[in-house]
Amino acid sequence: MEASRAQIGQFHNGGKFLEGSPMKRFSVSHESCGFGVSMEYPQMQAVLVTIFWDIVEILKENNPKVRFTDSLNSQSSLRVYNKSKNIEAFSILPIRKGELFVGFVKVEWNDRNEIPSDSEDCERTLEQYRSFIELEIKRQG
């Protein structure tokens, strides 16, 4: 997909708030980067889901379309994060086990010129990756 970075994130529990409600978190468990692109997984461990609620809202759409950082709400924490990491565009899909969202697969581009011109092919490829991951989850029980 000629992406600058590809990641798999997994949702998990991560302790409790003082009043006893559980903390929902995610961690990047797999990452691949292009030459000269920094690995982000060390900073993306046990991240509170509420910090990146935009990701959850996008995952609910279940749409692999390429999204441009500049098109995100200016107050969005995802937009601020993407700008700080030089991410021009991204595509993301949920990973499910049955009806439960257990994670996501995401690709990012730091250079607009590297975004594939055939966005439909890019979307199909991301859907194929997601299907493979979900099949492996199902196979493992």
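Quick notes on this one:
- Sequence-distant residues sharing a close amide H with K97 (under 5 Å, placed H): V102
- Exposed GluC sites (Glu not before Pro) absent - longest run of the chain, DSSP non-H/G/I/E/B, at most 15 other C-beta within 10 Å: 20-98
- Histogrammed with a bin width of 10 Å, the alpha carbon distances of the chain distribute as 11, 42, 36, 10, 1 percent, first bin at zero.
- Rolling a 1.4 Å probe over the protein heavy atoms gives segment 4-141 an accessible area of 58 Å² per residue.
- Rounded to whole numbers, the Karplus 3J(HN,Hα) couplings from phi for segment 109-116 are 10, 8, 10, 4, 5, 8, 5, x Hz, using 6.51 cos²θ - 1.76 cosθ + 1.60 with θ = phi - 60°, and x at Gly and Pro.
- Residue pairs, from the table K24/K138; K60/K83; K24/K85; K24/K60, whose Cα atoms sit over 18 Å apart: K24/K138; K60/K83; K24/K85
- Distant-in-sequence amide H partners of H30 (H built 1.01 Å from N, under 5 Å): I8
- Counting only protein heavy atoms and a probe of 1.4 Å, the accessible surface of the chain is 52% carbon and sulfur.
- For the chain, the relative contact order is 25 percent, taking Cα pairs closer than 8 Å that sit 6 or more residues apart in sequence and dividing their mean separation by the residue count.
The values are calculated or read from the model by the stated rules, or taken from the named source; none is laboratory data. Quick caveat: nothing in here was measured; it's all calculated off a predicted structure. All Cβ positions, even for glycine, are placed from backbone atoms using ideal geometry, and neighbour counts span all protein chains on display. Just so you know, the surface numbers come from the protein's heavy atoms only, side chains and all, with ligands and any DNA or RNA stripped out. Shrake-Rupley method; radii C 1.70, N 1.55, O 1.52, S 1.80 Å.
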